[in-house]
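Novice: Submitted below is the structure of interest, expressed as structure tokens.
All of the numbers you see were taken from the coordinates with simple rules; none came from a lab. Nothing here was measured: the structure is a model prediction, and the numbers come from that model. Using ideal geometry, Cβ is built from the backbone for each residue, glycine included, and neighbour counts are taken over all protein chains shown.
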There are 2 protein chains.
Amino acid sequence: MVLDCLSDPIRLAIVYQLAQQERVSSELCCGDFSGLGGKSNLAYHFAKLRECGLMQTRLAGTNRFMRLRREDLDARFPGLLDAVISSAARDADRLQLLSGCDLVKVD
Amino acid sequence: MVLDCLSDPIRLAIVYQLAQQERVSSELCCGDFSGLGGKSNLAYHFAKLRECGLMQTRLAGTNRFMRLRREDLDARFPGLLDAVISSAARDADRLQLLSGCDLVKVD
DNA sequence: TCTCATGTTCAACGTTTATTGAACTATTCG
DNA sequence: CGAATAGTTCAATAAACGTTGAACATGAGA
């Protein structure tokens, strides 16, 4: 399930963006990914990412803030997330969907 | 492409079995995977694994021997293969398809 | 309260995917 | 040569997937 989740370019871009955000130890809300697709399409991908345990959602008012479930993932699939993220970073310029992902929430 | 390839249980089982075989530095031929499905179905999965660069096929008479493209994969996606293999090994008993994969070619 | 903004859910659609069996190619061995 | 073995290719089918827009739910703010 996890590998299938990560194999979709949009979901990989979401995970990649969440991983970048990890450094700042803050979260991202759905709207921050609007560059990757329409709202309903993103909601579909968010659901898949939640189902397979890749990310977690925190409700705050009308926003939903999400973050990677880094610890759980590293415990269950050691090294997988880092390998995927670093490979994604390496090819970021080749993937249209990932270009611009280094941008941090403008706020 | 690689992640999508690895997300299928049959292909993951094939890769896992090939990884086990790596230790003995020998190869496996198509028939060795007959426990995972029918011939034509396996040929379909083999083609996908070849297309995304996960494995290589060597023709020898009427047999086709295959092996993981370990070096190329480690160069392009560092740590990915090891992470996937070790996670697969960890859950091997939970996955029906992977049970019995530790068996080495009987010959 | 009324309205706007943020997300989710649902139904519909076209595409891709995995699986099957039959037909086919090619090699070995008698 | 003829039969058997090892795999691939092809066509058909059913299921799963990604995408879209419309409808819905919910909280914030005037």
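Novice: Can you list the distances in nanometres, one decimal and ascending, from the B:A60 label point to the identical position in each other copy, with the point 7 Å along Cα to Cβ?
Specialist: The answer, with the shortest distance listed first, is 6.0 nm.
Novice: How many partner chain Cβ atoms sit within 10 Å of a residue's Cβ in peptide B:77-89, on average, as a whole number?
Specialist: Per residue, the number of nearby Cβ atoms from other chains is 5 on average.
Novice: Okay, moving on. Scan around B:M55 for amide H atoms under 5 Å from its own, H built in the peptide plane at 1.01 Å from N, and keep only partners 5 or more places away or cross-chain.
Specialist: B:R50, B:R69
Novice: Equivalent-ellipsoid semi-axes (√(5λ), Cα gyration tensor) for the protein assembly as shown, whole Å, largest first?
Specialist: Gyration-tensor ellipsoid for the protein assembly as shown: 36, 17, 15 Å.
Novice: Place the peptides A:22-28, B:84-90 in order of packing, highest mean first, counting for every residue the other Cβ atoms within 10 Å and averaging per peptide.
Specialist: Values: A:22-28: 13.1, B:84-90: 18.3.
Top of the packing list down: B:84-90, A:22-28.
Novice: Under the rule of -39500 (n - 2.57) per DSSP H run of 4 or more residues, summed and divided by the residues of chain A, what mean residue ellipticity at 222 nm is obtained, to the nearest 500 deg cm²/dmol?
Specialist: Counting only the DSSP helices, I get -13500 deg cm²/dmol.
Novice: Taking only C-alpha pairs under 8 Å that are 6+ residues apart, what is the relative contact order of chain B in percent?
Specialist: On the way: 100 pairs, mean separation 33.2, N = 107.
Relative contact order comes out at 31 percent.
Novice: Could you check which residue among A:G61, A:G35, A:G53 shows the biggest mean-square fluctuation in a GNM of chain A with a 10 Å Cα cutoff?
Specialist: Among A:G61, A:G35, A:G53, the largest mean-square fluctuation in the Gaussian network model of chain A belongs to A:G61.
Novice: Once you have all Cα-Cα distances for the range B:1-95, histogram them in 10 Å bins from zero and send the whole-percent values.
Specialist: P(r) for the range B:1-95, in whole percents per bin: 15, 54, 29, 2.
Novice: Roughly how many whole Å is it from the C-alpha centroid of the range B:15-92 to that of the range A:71-85?
Specialist: The distance from the Cα centre of the range B:15-92 to that of the range A:71-85 comes to 22 Å.
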